[in-house]
Amino acid sequence: MVTPCLHHVLVATRDLASSRRFYSEVLELREIPRPAFRFDGAWYQFGGGQHLHLIADDQKTLRSNQKLDTMDVHFALGMASYKKTLDWLHSKGYREDLADDDPMKLALRPNSIVGRPQLYIMDPDRNVIEFICDVLE
């Protein structure tokens, strides 16, 4: 039997410069070379060899003016510590006491039913990103 593995996630953006800043400075992902496509974009490396591909195209599926909805389409990043991840996101300006439609809203699930603590934020185009953590501390 063939077992697939996740290679990359593609995320559309209207503002490539803003998204580049977010994925480089907020999530601290490493940008990697990409082929010379006929459209703008950027590629990033996750820790396990998977990629995030940004594509700059305002005709693609975008989430303009969406609120933070943890049940919407998203991708999840595995993290070791909930507390360290929370502190890290706070240092980037994310807060849990903001309105759901605020782009800096942070959703907390320290006692998630899945058995692992979770946090959620949005990128500049309001794509939802989950952080699923191994431990609370």
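The values are calculated or read from the model by the stated rules, or taken from the named source; none is laboratory data. Since the structure is predicted, the reported quantities are computational estimates derived from the model, not experimental observations. Note that we place each Cβ from the backbone using ideal geometry, even for glycine, and neighbour counts take in every protein chain shown. The protein model used for the area step is the full one, side chains on, heavy atoms only, and it has no ligands, DNA or RNA in it. Shrake-Rupley method; radii C 1.70, N 1.55, O 1.52, S 1.80 Å.
Compute the length gained on full extension between ARG116 and ASP69: take 0.36 nm times their separation in residues and subtract their Cα-Cα distance, giving the result in nm to one decimal. Walk me through the numbers before you get to the answer.
Numbers: separation 47, 0.36 × 47 = 16.92 nm, distance 1.86 nm.
The ARG116-ASP69 span can extend by a further 15.1 nm.
Work out which chymotrypsin sites (Phe, Trp or Tyr not before Pro) in the chain are exposed loop sites (DSSP not H, G, I, E or B, at most 10 other Cβ within 10 Å) and give the longest gap free of them.
Values: sites that count: PHE37, PHE39.
Between the exposed loop sites, the longest stretch runs 40-137.
Where nothing but the Cβ of Lys and Arg (+1) and of Asp and Glu (-1) is charged, how large is the charge dipole of the chain around its Cα centre, in debye to the nearest 20?
Details: 17 positive and 20 negative charges, 57 e Å.
Charge dipole, the chain, about its Cα centre: 280 debye, nearest 20.
Quick check for you: with a 1.4 Å probe and neighbouring chains kept, what is the accessible area per residue of the chain, in Å²? Show your work: numbers first, answer last.
Details: 8150 Å² over 137 residues.
Value returned for the chain: 59 Å² of accessible area per residue.
What do you get when you divide the Cα radius of gyration of the chain by 2.2 N^0.38 Å, with N the number of residues?
On the way: Rg = 15.2 Å, N = 137, 2.2 N^0.38 = 14.3 Å.
For the chain, the normalised Cα radius of gyration comes out at 1.07.
Counting only protein heavy atoms, what percent of the accessible surface of the chain is carbon or sulfur at a 1.4 Å probe? Write down the numbers at each step before the final one.
Details: 4300 of 8150 Å².
Ligands and nucleic acids excluded, carbon and sulfur reach 53 percent.
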ask   = Any idea what Rg and Dmax come out to for segment 32-86 if you just take the C-alpha atoms, in Å?
value = 14.7, 42
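Stick to the Cα atoms of segment 92-133, pair each with every other, and give me the Kirkwood hydrodynamic radius in Å at one decimal. It would help to have the intermediate numbers written out before the result.
Values: mean 1/r = 0.0938 Å⁻¹.
One over the average 1/r among Cα pairs gives 10.7 Å for segment 92-133.
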